[in-house]
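The values are calculated or read from the model by the stated rules, or taken from the named source; none is laboratory data. Predicted model only: the values in this text are computed from it and were never measured. When we count neighbours, we look across all protein chains shown, and the Cβ atoms used for this are built from the backbone with ideal geometry, even at glycine.
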There are 2 protein chains.
Amino acid sequence: MDFSSFLTSLGTSFIIFVVLMIVFAFLSSRPGNNVVYYPNRILKGLEPLEGGYKSRNPFTWIKEALTSSERDVVAMSGVDTAVYFVFLGTVLGILVFSGMILLPVLLPVAVTDDGWKSQTTSNGTFSELDKLSMANITQKSNRLWAFFICCYWVSIVSFILLWRAYKHVSWLRGEALKAPDVKPEQFAVVVRDIPAVAEGQTRKDQVDSYFKTIYPDTFYRSMIVTDHKKADKIWEELEGYKKKLARAEAVFEKSKTDANPEGTRPTNRTGLLGICGSKVDSIEYYNEQINETITKLEAEQKVTLKDKQQNAAIIFFSSRVVAASAAQSLHAQMVDTWSVLAAPEPRQLLWPNLKIKYFQREVRQYVVYFIVALTILFYMIPIAFISAFTTLQNLVKLLPFIKPVVRITVLRTVLEAYLPQIALIVFLALLPKLLLILSKMEGIPTESHAIRAASGKYFYFTVLNVFIGVTLGGTLFGTLKTLENSPNKLVSLLASSLPGNATFFLTYVALKFFVGYGLELSRLVPLIIFHLKRKYLCKTDAELREAWAPGDLGYGTRVPGDMLIVTIVFCYSVIAPLIVPFGALYFGLGWLILRNQALKVYVPSYESYGRMWPHIHNRILASLILYQVTMLGYFGVQKFYYAPFLIPLPLLSILFGFVCAKKFYPAFERPTLEVAANTMNVAPNMDLVFRAFIPPSLSSEKIDEEDFEDARSHV
Amino acid sequence: MDFSSFLTSLGTSFIIFVVLMIVFAFLSSRPGNNVVYYPNRILKGLEPLEGGYKSRNPFTWIKEALTSSERDVVAMSGVDTAVYFVFLGTVLGILVFSGMILLPVLLPVAVTDDGWKSQTTSNGTFSELDKLSMANITQKSNRLWAFFICCYWVSIVSFILLWRAYKHVSWLRGEALKAPDVKPEQFAVVVRDIPAVAEGQTRKDQVDSYFKTIYPDTFYRSMIVTDHKKADKIWEELEGYKKKLARAEAVFEKSKTDANPEGTRPTNRTGLLGICGSKVDSIEYYNEQINETITKLEAEQKVTLKDKQQNAAIIFFSSRVVAASAAQSLHAQMVDTWSVLAAPEPRQLLWPNLKIKYFQREVRQYVVYFIVALTILFYMIPIAFISAFTTLQNLVKLLPFIKPVVRITVLRTVLEAYLPQIALIVFLALLPKLLLILSKMEGIPTESHAIRAASGKYFYFTVLNVFIGVTLGGTLFGTLKTLENSPNKLVSLLASSLPGNATFFLTYVALKFFVGYGLELSRLVPLIIFHLKRKYLCKTDAELREAWAPGDLGYGTRVPGDMLIVTIVFCYSVIAPLIVPFGALYFGLGWLILRNQALKVYVPSYESYGRMWPHIHNRILASLILYQVTMLGYFGVQKFYYAPFLIPLPLLSILFGFVCAKKFYPAFERPTLEVAANTMNVAPNMDLVFRAFIPPSLSSEKIDEEDFEDARSHV
């Protein structure tokens, strides 16, 4: 890619961004779109906009985002979101502090040399941009000392800011858990691997007597986990009929015009998809179905609670400290029985995973790791092909009929700039679902944990395949002789391939922040979908609410995406310092725009009190280590004699990670007692705590609670 | 070593053993020696012998040892000793079950082949014994299948018995901890890394308020750890003076004969070592000194309790479950503050280590590991030299003046048989102290833990240096050309060196059990020392008691010694199956004789409730893996095509170790709640529990407790 196509790419990206900003300013000021642009505020019962519409200028949202405090974010979107901003802020900080030294020092050093002319390894692709990079330095030159020192500078800045961030997040988590309001999960533990019931004893008696012995004063009651898959299904059926009834009634109401005051009773067919079968009156039919399903559900509930009890239970305590302490204490002499776990939020529980036994969980975990490793390795091949073929020259060769298109210069430049990146982005969109399913198969008991696990896998996938794959793939296809000469020197091969791909990644980053964040802010796609649905599909209020439900921030895929940028920017920071401001812009814009989205749009679907942070921290460290090792290799390629003095850097990083894990991590893994011991403002209503954990398909106001005694214990 | 010298060695060992047995039977039946042969019974207030002396035949002790139950051992010597017998019994079981297949199958297979004649690698040292070993098998022969299958047999027997043993020990530990009598350590936790005290607050207030908040109902009181080194010193001085006073009074009493009814008042000199200085009346002088020292001690106690408080404390709870739960719960958000630990027995506490900070402990640990690794590596060189030089031929060459001695055939054979082994045993006796000191420097808080750590280091030392060192050393000096040809193939080098050293280790094992256990049972050395002391040194009863104090079983050095035998026997079991009965004899005799010693002689100096077992288990597994890897190498040396089918064995061992660690280990590391929740037979007297942890140098009946309030908290 030459310099002009780089500038074109940058320019078009920027223009798209500006257009999207204007679109946003226009659309978001129309009250009809409020549910798309301010759903979080609406759901929280707040006015969509503070101060009304009149006095508002189109950039107020920037001011609001900038002036919002972390406390606001926690209040509106929870600790997890606040932690995400700590992540964005920390990386931004690292890049700004690094850039303050790197840009003024390294760019002049690089541009005044002309090493590339004397080097034989560059294979004719040297562009203007490369003059600003380390590739332009004469081998063995003393100028390399400047780059060497900058390697240390970036690392040290990272250590300091990461340390502060970890400390801050730990404090945030502590404060949130300390809060004096009653959170049901803080009064419960999940116990798994309950041994078989002795003859003549019920599961409930077994669990109750076990915990009553250990916690005579604070044990409240227990809830046996049941296999309520079938009840869930019936319950969903019931909910479906209820929705359809509401819809039919709404249609009926609407049909009562002045001309036809009686209205037309809607009808439907009972057969497949409502297309075939006999025609019936919808309202009557659905009422009938609802009554039938309720009877079915009640019968199934009884069966479930009595006969489908599993080897897991939720135990409730009347004291927060005791629950916290119980969640981390070893209860049984045999560790694969009565294993406990701090209860997650009820909505996060993955019920079907609770019954999986101890060693089966272990085995599943390793099997999944193996499958993921295979996936990562075998995706490498297609990505390498894509990155080699999606240059315009290759496409023209393969598809001669697009030649006329390529002749138009502007279009050609645009295509050349974006083709590989678009291919990559589409390609990556396919994977997260698969990884989440795989992670759930590990037997992980909570939603947030599964998302973290999937996110970690996705990170390794993106780094290995996108970053290393594209870099090496380009080189392997470009200079096959390199492979022949040194098939084993992966690091130095990677290192020597880096400069050649700098502009690719520069464009990638720019595309991601301008177009990606532009789309994010303007919410064009949700807006269009919402208006289409509102016009053609939605009949009832409930359906309308569903149409604009904003969803959550999408931690699981957002973080690995950002981490890929972190990895790219770290690895290029010293080689091609020009990438640093782009990275800073990515995280700065991201912070600003997502701040707006977090405060006004997205509604978190769970709260894990910042448990994502240790994962983010470790992934940033992994990127840092990759960067340090790559730099070690690249200094070797540049034949710098003092390159071995970089060896302490990765060791330092590992030590730093080790110290952080020792000092901070346990408080993320387990509830700490000093936090749980904080006084509550009211005594918890234990019945409400207990009810919070009843799955919706098993809760029922109609049936008397006495009927459920089989799976629950007396107070 | 040829066959006759092997038989001589065996014969002499056996004769020594028989003599020692007769000596024991004779000496132990004399009431004057009771304190040497039955001190544990005497200290427990039991009759030295059940049923008196008359009716006793000299082999009754064997019957008593065999009929004693595990419960007896626990009652007389504690769980740790019982676990040691589980170890002996398990290894004995493995060897017996292995031998039942190995001996009848492998010996005939080996003896009917004559592969050694056709092999060029054997360098003329082939002896009659080697005809019974795998070295006698023709290379690539199908007979190797028998050995191959036996490799699996030994491993599977080991897995089954180890699993049962681990389960049994876990049960033993649970039962002991469940016991309804009050153990002070079950009501306390040690807290370290207490953060700095806020201004205007005392350490005691800080600790008390912290724990009172978390445990409002069950917190009893706290005891701040102090630096009482100086008080200890004064206290020891005081005890010394008290002993000397008692001694002086005893001497004075004795001097009151009929001839001299007034007696002679003993005198001593006050200067260096009682040799110089002015002569004073001993009784008066010591009384004076005692009074002076008491004043000094009291002053020092006050200073210690007030001004020498450390950043550690012991916290007492009124509930066993709460203490158990507190010991394993995370208290502080920052893990390097307020770190807790289940309290050990008071006598086990290593007070000076309690104040060492979290990360300092980590650093110390790695530094010590590094030093130990160096020690292990650099001891290798002298051991290789010793094993090469301590053959008689070499000694004669080096020290020509011993030639006449060597001419006497009997002496020559004996010397030839024992010289290298004795050198080795003496050599190994020097190390354990050093390793214990190093382990304590790690910052380990309890005596038993330090001993375990030292014992683990000692195991790796013996295996690496004695076993591998001797084996390789012999080969390296014997056939230097092997080293030149393949310097990297350590495993196959080790494997091919094994058969040549089989007789060396056979003799080593025999020497260890016949002479070692003979000396152990007969207790000749302690007997002689006791009688000498009694006659010439002891004047008072207290001194006499000290003279026969039996000490403990010496876990720390005994286990690694046994483990070396386990390693040797495992590694040779299939190569030279003749070693299996020797190994079985070692552990059988060991079991019998130590059973007697445990029941009657040794007094345990601490109780860790079987926490040694996981270490033993892992070391046995490590031996097993070494054996499996060696066999893999040896089958390669024998050019057996199916050798790679042995690869699953070490992998299986690792998996087995992993499963055991997951299932059983946590219950050894932490107190389990179901055990702690067992009902007590009396409510604990919390004051006694508290007082049990006061170091002797700080406890004082005279001083009112109010004076000590600085470091202790109110009830």
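The residues on offer are B:675, B:629, and the sole one that is within 14 Å of another protein chain (Cβ to nearest Cβ) and modelled with pLDDT under 90 is B:675.
Residue by residue, here is whether (1) in contact with a strand residue (DSSP E or B) (Cβ under 7 Å, 6 or more places away or on another chain); (2) modelled with pLDDT under 80; (3) within 14 Å of chain B (Cβ to nearest Cβ) holds:
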residue	(1), (2), (3)
A:318	yes, no, yes
A:328	no, no, yes
A:354	yes, no, no
A:373	no, no, no
A:383	no, yes, no
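Taken as a whole, the condition of being more than 30 Å from residue B:146 (Cβ to Cβ), more than 9 Å from chain A (Cβ to nearest Cβ), in contact with a Pro (Cβ under 9 Å, 6 or more places away or on another chain) and not acidic (Asp, Glu) does not apply to residue B:664. The set of residues in the range A:236-272 that are among the polar types (S, T, N, Q) and either crowded, with 16+ Cβ neighbours inside 10 Å or not in a helix (DSSP H, G or I) (or both) comprises A:257, A:260, A:264, A:267, A:268, A:270.
It is to be established whether one or more residues within the range B:206-216 are away from chain A (no Cβ under 12 Å), more than 15 Å from residue B:338 (Cβ to Cβ) and of a type outside the set (Ser, Thr, Tyr). Talk me through it step by step, then tell me what you get.
Just the residues of the range B:206-216 that are away from chain A (no Cβ under 12 Å), to begin with: B:206-208.
Narrowing the set further to residues that are more than 15 Å from residue B:338 (Cβ to Cβ) leaves none.
There is no residue in the range B:206-216 that is away from chain A (no Cβ under 12 Å), more than 15 Å from residue B:338 (Cβ to Cβ) and of a type outside the set (Ser, Thr, Tyr).
For the range A:587-599, does any single residue satisfy the condition of being assigned by TED's automatic domain parsing to the domain that holds residue A:169 and either of a type in the set (Phe, Trp, Tyr) or not in a helix (DSSP H, G or I) (or both)? Checking the range A:587-599: at least one residue is assigned by TED's automatic domain parsing to the domain that holds residue A:169 and either of a type in the set (Phe, Trp, Tyr) or not in a helix (DSSP H, G or I) (or both). Only one entry in B:176, B:188, B:196 is surrounded by fewer than 14 Cβ atoms within 10 Å (Cβ to Cβ) and within 25 Å of residue B:350 (Cβ to Cβ), namely B:196. Checking each residue in the range A:273-289 for being out of contact with any strand residue (DSSP E or B) (no Cβ under 9 Å at 6 or more places or on another chain) and either within 17 Å of residue A:230 (Cα to Cα) or outside any helix (DSSP H, G or I) (or both) picks out no residue at all. What are the residue pairs meeting all of these: first residue in the range A:632-645, first residue among the β-branched types (Val, Ile, Thr), second residue surrounded by 21 or more Cβ atoms within 10 Å (Cβ to Cβ), Cβ atoms under 7 Å, and 6 or more apart or on different chains? Taking only residues 6 or more apart or on different chains, the pairs are A:637/A:495; A:637/A:496.
Mind listing just one residue for me: the one in the range A:536-584 that is modelled with pLDDT under 80 and in a loop (DSSP other than H, G, I, E, B) and, of those, surrounded by the fewest Cβ atoms within 10 Å (Cβ to Cβ)? Filtering the range A:536-584 for residues that are modelled with pLDDT under 80 and in a loop (DSSP other than H, G, I, E, B), the one surrounded by the fewest Cβ atoms within 10 Å (Cβ to Cβ) comes out as A:537.
Can we say residue B:76 is surrounded by 18 or more Cβ atoms within 10 Å (Cβ to Cβ) and modelled with pLDDT under 80? Show your work before the answer.
Values: surrounded by 18 or more Cβ atoms within 10 Å (Cβ to Cβ): yes; modelled with pLDDT under 80: no.
No: the conditions fail for residue B:76.
For the range B:77-99, enumerate the residues that are of a type in the set (Phe, Trp, Tyr) and either closer than 15 Å to residue B:171 by Cβ or in contact with a His (Cβ under 6 Å, 6 or more places away or on another chain) (or both).
Let us first name the residues in the range B:77-99 that are of a type in the set (Phe, Trp, Tyr), namely B:84-85, B:87, B:97.
Matches in the range B:77-99: B:85 only.
Only residues that are part of a helix (DSSP H, G or I) and either among the aliphatic types (A, V, I, L, M) or surrounded by fewer than 21 Cβ atoms within 10 Å (Cβ to Cβ) (or both) were counted in the range B:301-337, giving 11. Just to confirm my filter: which helices (runs of 4 or more DSSP H) fall fully inside the range B:1-113 and include at least 3 residues that are more than 27 Å from the chain's Cα centre (by Cα)? Result: B:3-28, B:70-111.
Among the residues examined, residue B:231 qualifies as under 22 Å from residue B:303 (Cβ atoms), in a helix (DSSP H, G or I) and away from chain A (no Cβ under 14 Å). For the range B:212-221, the condition of being over 35 Å from the mean Cα position of the chain (by Cα), surrounded by fewer than 18 Cβ atoms within 10 Å (Cβ to Cβ), outside any helix (DSSP H, G or I) and not small (Gly, Ala, Ser) holds for at least one residue.
If we scan the range B:600-607, do we find a residue that is buried (at least 23 other Cβ atoms within 10 Å of the Cβ), in contact with a Ser or Thr (Cβ under 8 Å, 6 or more places away or on another chain) and in a helix (DSSP H, G or I)? Within the range B:600-607, not a single residue is buried (at least 23 other Cβ atoms within 10 Å of the Cβ), in contact with a Ser or Thr (Cβ under 8 Å, 6 or more places away or on another chain) and in a helix (DSSP H, G or I). Quick check: is even one residue across the range A:607-623 modelled with pLDDT of 90 or more and under 23 Å from residue A:135 (Cβ atoms)? Checked the range A:607-623: at least one residue is modelled with pLDDT of 90 or more and under 23 Å from residue A:135 (Cβ atoms). Please go through the range A:132-153 and pick out each residue that is within 37 Å of the chain's Cα centre (by Cα) and at pLDDT below 80. Answer for the range A:132-153, where residues must be within 37 Å of the chain's Cα centre (by Cα) and at pLDDT below 80: A:132, A:133, A:134, A:135. Do we have any residue at all in the range B:188-204 that's within 11 Å of residue B:315 (Cβ to Cβ), within 11 Å of chain A (Cβ to nearest Cβ) and of a type in the set (A, V, I, L, M)? Checked against the condition, which is being within 11 Å of residue B:315 (Cβ to Cβ), within 11 Å of chain A (Cβ to nearest Cβ) and of a type in the set (A, V, I, L, M), the range B:188-204 yields no hits at all.
Regarding the range A:641-657, can at least one residue be identified that is of a type in the set (A, V, I, L, M, F, W, C), surrounded by 17 or more Cβ atoms within 10 Å (Cβ to Cβ) and within 13 Å of another protein chain (Cβ to nearest Cβ)? Give the derivation first.
The first filter runs over the range A:641-657 and keeps only residues of a type in the set (A, V, I, L, M, F, W, C), leaving A:643, A:645-647, A:649, A:651-652, A:654-656.
Next cut, surrounded by 17 or more Cβ atoms within 10 Å (Cβ to Cβ) only: A:643, A:646, A:649, A:652, A:656.
Okay, now just the ones that are also within 13 Å of another protein chain (Cβ to nearest Cβ), so A:656.
Among the residues of the range A:641-657, at least one is of a type in the set (A, V, I, L, M, F, W, C), surrounded by 17 or more Cβ atoms within 10 Å (Cβ to Cβ) and within 13 Å of another protein chain (Cβ to nearest Cβ), which makes the answer yes.
Name the residues in the range A:678-696 that are away from chain B (no Cβ under 14 Å) and either crowded, with 18+ Cβ neighbours inside 10 Å or within 33 Å of the chain's Cα centre (by Cα) (or both), would you?
Quick first cut of the range A:678-696, residues away from chain B (no Cβ under 14 Å) only: A:681-696.
Selection gives A:684, A:688, A:689, A:690, A:691, A:692, A:693, A:694, A:695, A:696.
When the range A:636-656 is filtered for residues that are assigned to a helix (DSSP H, G or I) and over 16 Å from residue A:154 (Cα atoms), the ones remaining, listed by number, are A:636, A:637, A:643, A:644, A:655.
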